[in-house]
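The values are calculated or read from the model by the stated rules, or taken from the named source; none is laboratory data. All values derive from a computational prediction rather than experimental measurement. Neighbour counts run over all protein chains shown; Cβ positions are idealised from the backbone, glycine included. These accessible areas exclude ligands, DNA and RNA; they are computed on the full protein's heavy atoms, side chains included. Shrake-Rupley method; radii C 1.70, N 1.55, O 1.52, S 1.80 Å.
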Amino acid sequence: MLQPRIPVNPLPTGHTIPLHKPTPTADIEPTPDHNLAPAAAPVPAEPSRMAIQLTPGSAVALAAGGGAVVLVVGAVLVSMLLAVAITGVSVALIAVVLRLLVRDMQKGR
């Protein structure tokens, strides 16, 4: 019932591939095999995931670690913002100096 069904696809020759090939059961008689091994015991299912139990000390350590991560990420972001701001100010200063130099060259000084 829950097994997937493969659709029957036509071949270029026009023949179709059936899902199951019938086997002749009248000619074949099953013979009992007494040498079969006994059925194996069922394998126990894997234990479910263990829940993490936090002690007060580990909870404090986890909170301190999270706080440290937040501080490090914040410091990196602030330093990147500061680098962008310094670069922008220096580019603006260079633009003002170049503008003054070009203006002085046009006046002929």
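Details
- Single match in 101, 81 (criterion: open to solvent by 100 Å² or more (accessible area, probe 1.4 Å) and not polar (S, T, N, Q)): 81
- Options 81, 2: the member that is at pLDDT 90 or above and out of contact with any His (no Cβ under 9 Å at 6 or more places or on another chain): 81
- So residue 67, is it modelled with pLDDT of 75 or more, loosely packed, with under 10 Cβ neighbours inside 10 Å and part of a helix (DSSP H, G or I): no
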